[in-house]
Every structure is written in structure tokens, then in C-alpha cells.
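The values are calculated or read from the model by the stated rules, or taken from the named source; none is laboratory data. A quick note: this is a predicted structure, and the numbers were derived from the prediction, not measured. FYI the Cβ positions are ideal-geometry reconstructions off the backbone, even for glycines, and counts take in every protein chain you see. Surface areas here come from the heavy atoms of the whole protein model, side chains and all, with no ligands, DNA or RNA. Shrake-Rupley method; radii C 1.70, N 1.55, O 1.52, S 1.80 Å.
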Amino acid sequence: MANYAQPEVLVTTDWVRDNLEKPGTKLVEIDVDTKAYDAGHIPGAIGFNWQTQLQDQVRRDIIGKEAFEKLLGGAGISPKDTVILYGDNNNWFAAYGFWLFKIYGHKDVRLMNGGRVKWLNEKDKSLTTDPPKITPTQYKVTETHLELRAMLPEVMDISKTGKANLVDVRSPDEFSGKVIAPPGMSETAQRGGHIPGARSVPWSTAVQQDGTFKSADELQSIYIQQKGVDSTKPTVAYCRIGERSSHTWFVLKYLLGLDNVKNYDGSWTEYGNVVAAPIEKG
Amino acid sequence: MNHQTRVYNDIFEMLPSEENPSPMVRINRMSPSPDFELHAKLEWLNPFGSVKDRAAWAMLREMEEKGEVGHGRGLVEPTSGNTGISLAAMAKARGYHIRAVVPNKVPLEKKVLLKIAGAELDVVNDALCPAPGLGDGSINIAKSHAKAQAKKYAMPNQYENEQNVLAHMRTTGPEIWRQTEGKVTHLFVSLGTCGTVSGTSRFLKGKNSSIKVIAVQPTEGHDVPGLRNVSQLGVSKLFEVEYKLAYARAMELCQTEGLLAGPSSGLIYEGAREIILRDKKGFGVMIFPDNIFKYTSNMMKHIPGLATGNEA
């Protein structure tokens, strides 16, 4: 993990195995497939459901400050804890959780490199169906960082002016408009295509075969040299609902160390539904 | 056990072997070339209804021999249907519980059949036929159950179990060699876990290295249950067929040859037909994995007219 701008935000599966019982360390699993946690999780890990616990249940939004406090307090997490997030699909929703934790100012949050699949396929790692023992806390959010989040007006402005990089992390077929969403996904849009001015850099470009992140040098070469992300400008990453783009947001901000990187969680399911918004295809 | 009178002491005695091979039937009206004798090996006549009887039995027997099942420990397996149905019926007949993890896109008939056969069903969002390795979906959910509850579940894991290949080296290959009296020149198969193609071709190529093994795969983004689109494999030829033809050819086999073959068989037939038009002479065997009965809902989706006119 050398050479990453902020290497402390990543831990290995071995580190997790060795620190499972350490006081002040809390594990949280967040999956795309919400059944995965129930099938088996890392001993002591709490499971968060991205659909019901990380999203506001009335309006389309991330959970508010009070709901975040209640969620973390109920999970027995304190602001001083080291929180390790992991999940399926190469940590898509774990990265989304990471972004949410950072928005609400949690200091020490890290991703388990490689996610649950790496852990699952290592012989010296165990899983359990036993629920974790939780002692609830009173979690208080003391600072918020909404500057990590891009909203539609800002994205429209960037698209028009080119004053920031727009990185579309979806698959090439979603970018071109051949499909609106990956097969089987229920959140979708009225139109296919991409935001004018966006560059296509699928999220998976950032990971190796085993699901762990590529080296800093490789990431630098991909995003900056090959794909032409201008490191002197701010950057906004988007996907379909904001989870894959959290993954790229994490890469750009913490592994490459770009200044001012935002996640546009409205993503294509917002933009692709906006009446009269300009769209590019192909 | 008597294969002449076909009287058996239990269903397992009916499983295919060199002495009791699954039938091979010649293609007549749909024969692509008069100089090319083409046969279909009807795997749906195996006792649990598909080619997967072979791998399922080999995996289960090995687990029994190693003492990995029994005393409350049953099975968990990721499956797009046929392996699960074979395994479930076998496991229940032996007294083991079984949990089947299936991709959502698997046809309704197979899901219900799995339950009828006695499996507890876990439906997950997944590709139609999951690729092995570090992907997510049904394989890893099954692995999670096996790892988290090792006392309750053992996982045969057809994707990584060498018995899946060995079963075909021991049975399918020798059966074909004997049934064709060594005349086989072309073997046509489809790809799921790749056990059939690997095991059968390994045996046959050991007998005659010039035998061509043609693996037929559906076009990407396909909708043919149980099959996989792969880009690299150690076969003579990987032949891609437009997946919708799988359904059209299955229908034609039903209505022209009296072979009630499923869509994967239709796909294999189309691949064979195109190769035979090019190679002209030879002696071919197609391994037809299963019959049409589990695919009525898929057929309705892909063959115009089947979905209408069914009500008074």
C-alpha cells in the first residue's frame, strides 16, 4: 500500500484478522446483495443495509445527521473508533458507506482491501452467522463535510463550462447508451447515455484481478496519463446510483490524492431523468 | 441390477456407465449432410433428467467416501438448476438436507423443481451462469454458507471440483467411444462448468487425438439457462451461435426429429450444423444436456405464438 496518498485508509484482510478483537475497532459489512451478510460475515461485524439504513426512507437522499447518529449509536460505534468497512462487489457499497462516514465527519474509517470476496476465499479467515455483541453508544456528529457531495446544479454547470473533470465510472455500454442500467437492476432512467463532457473510466479499471486496488503508479498512469483527468481541476465522479462512483471517488481522493473530489450520488438515475437535460450518446 | 430387464434395486443403479450408457440417436430429417452421420446423446434419459447426473453423483459419492456428509451435515451448492435438481434428489434419497443457491434469472420451472426435489432455495441476483473465481453472486453466497456453517453444510462446488471432470472421463467418454465403435470424428458440446467438455474430450483425445471437439457457446448477453460464454478454453474450436437460434432449433428438433430437446441442445445442434456444412464428412456426436420440459416459460418468451391462444 506504499505510495498511496493516504495509505492509512486501507487495511489488508490479514490486518483485519489480527485486529478483530482489538477494543476501539469496529467492523461493518455493507453489501449490494443484502443477503450476503446473513449467509456469513466476519466475526463481530455489524451489517448495514444500504437500501433501508443508509438512505432516507421518504425522500431520495442520504440519511440525515440524526439518522446517522442513531444508526452508529445503535451499532455501538463511537466517534473515536476505528471503523473498517467491507462488502461485496469489490466494496461498492462499502465505499459508499465510507463516503457517508466522511460526510458526517467520522475521523478514522478504512476499507478492507479486496472486500468480502477476498476474505471469503482465504483459507485462514473465518465467517460466522452469530450476531455481534453490541453495546449501544450516544454517537454525536460534530462536523459535516457536504463538500464531498456534488448536486445536480453543480454537475450541470461543470458539464457546460468544463471547469471540473467529470468521470463516468459505469460500464462502456451504459456510457454509450446501449443499456440504461446493468441487467437486473431496478433503479433506472428514462434515457441512456452520459453527461456531456464526461470521460468514461469504468470503476473496475482501478482494481486488480483479486479485487484489491492497483498500485499508485498504475492508478496515476490510468487516470491522469491515459484518461486525461486534469489533476489541477476539481473532479466529480458519477455512476448510476452513486455506489460505484464512491469507489472511484475513494481512489481519486485517497489513493491518488487529488484535491477536491466529489461524488455525485444522484448520478445517472437523476441526470438521465431530468427533462431537457443535454445528453451525449456513443 | 439387470440392464437387460431394467429392474433395479434403487434409482442409483440406473445412473449411466459404459455398461448402461445414455442412448445415442441418429439425426435423420435434420441431417445437415448425407456423408456426415450425426448423433444426439440424450442425457435427459438419465434418472434425474440431465447430463448433470454424472457430475452430481461423482461429487456426492466422493463426499460420502470422505465422510464429508451425514450426521446432520448436508449440502450447499450454487447451481443454475440441473446440478441442483440431480444433487437434491440424490441427497434426499440418501437422507441429507440441501440448500441450492440459484441466480434469479433461472427459469421458474427449475426453481420450483428444486423445491419439489427437496432443496431449500436461495435466489440471488447474479449472472445466468456465474463464472468461477472472485466474482460475487451465487458461488460466493454458497461459499459463505459453507464457511460460516461448516457443521451444517458441505459444498461440492461443481465449478472447482475435479470429480465434475473425472465423471465424464469415466462415463461419457468411454460410452461414446463404445457406442460409435471408435468412429467418432467430431464431438459437439456446450459449456457450463466445462466439466463435460473437459472430461469427455480428455478421454476421447486419449483414444484418437485427431477427434475435433467443438464447444458451442451462445452470443454474449444470452438467455440460455445453464450455459456460459467464455473466451478461452482448451478445445479445438469455440463456436459462437446467436442465442435465439437455440430456441428455434430446439423447437425444430421437437417437431421434426421427435427429440424433445431443450434450448442448450438446440444451440449445440446449430453449431454442429454449421460445422458439418463446412467439414462435409465425418461422424459426429452431440451431447444433448436436457429436454424441453423445464423451459416452457423460456420458450414462450422466445418463440412467437407459444404464449397466446392458451385460454378459452
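So that you can scan it fast, the table gives a plain yes or no per residue for (1) within 19 Å of the chain's Cα centre (by Cα); (2) away from every other protein chain (no Cβ under 12 Å); (3) under 30 Å from B:Lys147 (Cα atoms):
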{"residue": "A:Ile84", "(1), (2), (3)": "yes, yes, yes"}
{"residue": "A:Leu100", "(1), (2), (3)": "yes, yes, no"}
{"residue": "A:Thr135", "(1), (2), (3)": "no, yes, yes"}
{"residue": "A:Asp168", "(1), (2), (3)": "yes, yes, no"}
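The set of residues in segment A:138-159 being assigned to a helix (DSSP H, G or I) and either small (Gly, Ala, Ser) or in contact with a Gly (Cβ under 8 Å, 6 or more places away or on another chain) (or both) consists of A:Leu152, A:Val155, A:Ile158, A:Ser159. For B:Lys212, the conditions (1) touching a strand residue (DSSP E or B) at 6+ places or on another chain (Cβ under 7 Å); (2) within 30 Å of A:Ile42 (Cβ to Cβ); (3) open to solvent by 50 Å² or more (accessible area, probe 1.4 Å) are fulfilled apart from (2).
Considering only residues in segment A:244-265 that are in a loop (DSSP other than H, G, I, E, B) and at pLDDT 95 or above, the one that is most open to solvent (accessible area, probe 1.4 Å) turns out to be A:Asn260. Listed by position, the strands (runs of 3 or more DSSP E) contained in segment B:5-117 that have at least 1 residues being under 18 Å from B:Tyr153 (Cβ atoms) are B:74-78, B:98-103. Take B:Gly192 and decide whether it is surrounded by fewer than 21 Cβ atoms within 10 Å (Cβ to Cβ) and not in a helix (DSSP H, G or I). No. For segment A:204-223, which residues satisfy the criterion of being of a type in the set (Val, Ile, Thr), within 16 Å of A:Asn89 (Cα to Cα) and without any contact (Cβ under 8 Å) to a residue 40 or more places away in the chain? Correct list: A:Thr205 only.
If we scan segment A:48-55, do we find a residue that is within 14 Å of chain B (Cβ to nearest Cβ), in a loop (DSSP other than H, G, I, E, B), over 21 Å from B:Lys143 (Cα atoms) and without any contact (Cβ under 8 Å) to a residue 40 or more places away in the chain? Yes, segment A:48-55 contains a residue that is within 14 Å of chain B (Cβ to nearest Cβ), in a loop (DSSP other than H, G, I, E, B), over 21 Å from B:Lys143 (Cα atoms) and without any contact (Cβ under 8 Å) to a residue 40 or more places away in the chain. For B:Ala40, the conditions (1) more than 18 Å from the chain's Cα centre (by Cα); (2) surrounded by 10 or more Cβ atoms within 10 Å (Cβ to Cβ) all hold with the exception of (1).
Here the condition is being at pLDDT 95 or above and outside the structural domain of B:Ala167 (by TED's automatic domain parsing); of B:Met63, B:Met1, B:Met24, B:Met30, it holds for B:Met63 alone. Screening B:Val124 against (1) at the interface with chain A (Cβ under 10 Å from one of its Cβ atoms); (2) open to solvent by less than 30 Å² (accessible area, probe 1.4 Å); (3) modelled with pLDDT of 95 or more leaves a single unmet condition, (3). Does A:Val155 satisfy being at pLDDT 95 or above, surrounded by 20 or more Cβ atoms within 10 Å (Cβ to Cβ), more than 14 Å from chain B (Cβ to nearest Cβ) and out of contact with any Leu (no Cβ under 8 Å at 6 or more places or on another chain)? Considered against the rule, which asks whether it is at pLDDT 95 or above, surrounded by 20 or more Cβ atoms within 10 Å (Cβ to Cβ), more than 14 Å from chain B (Cβ to nearest Cβ) and out of contact with any Leu (no Cβ under 8 Å at 6 or more places or on another chain), A:Val155 comes out as no. Quick check: anything in segment A:159-174 surrounded by fewer than 20 Cβ atoms within 10 Å (Cβ to Cβ) and of a type in the set (A, V, I, L, M)? Looking through segment A:159-174, none of the residues is surrounded by fewer than 20 Cβ atoms within 10 Å (Cβ to Cβ) and of a type in the set (A, V, I, L, M). Per the conditions (1) more than 17 Å from A:Gly266 (Cα to Cα); (2) at pLDDT 90 or above, the sole criterion not satisfied by A:Pro183 is (2).
Among the residues in segment A:186-207, are any under 18 Å from the mean Cα position of the chain (by Cα), modelled with pLDDT of 90 or more, in a loop (DSSP other than H, G, I, E, B) and crowded, with 21+ Cβ neighbours inside 10 Å? Yes, because at least one residue in segment A:186-207 is under 18 Å from the mean Cα position of the chain (by Cα), modelled with pLDDT of 90 or more, in a loop (DSSP other than H, G, I, E, B) and crowded, with 21+ Cβ neighbours inside 10 Å. Of all residue pairs spaced 6 or more apart or on separate chains, those with beta-carbon atoms under 6 Å, a first member in segment B:144-161 that is at the interface with chain A (Cβ under 10 Å from one of its Cβ atoms) and within 19 Å of B:Met90 (Cβ to Cβ) and a second member that is open to solvent by 20 Å² or more (accessible area, probe 1.4 Å) and part of a loop (DSSP other than H, G, I, E, B) are B:Ala146/B:Met155.
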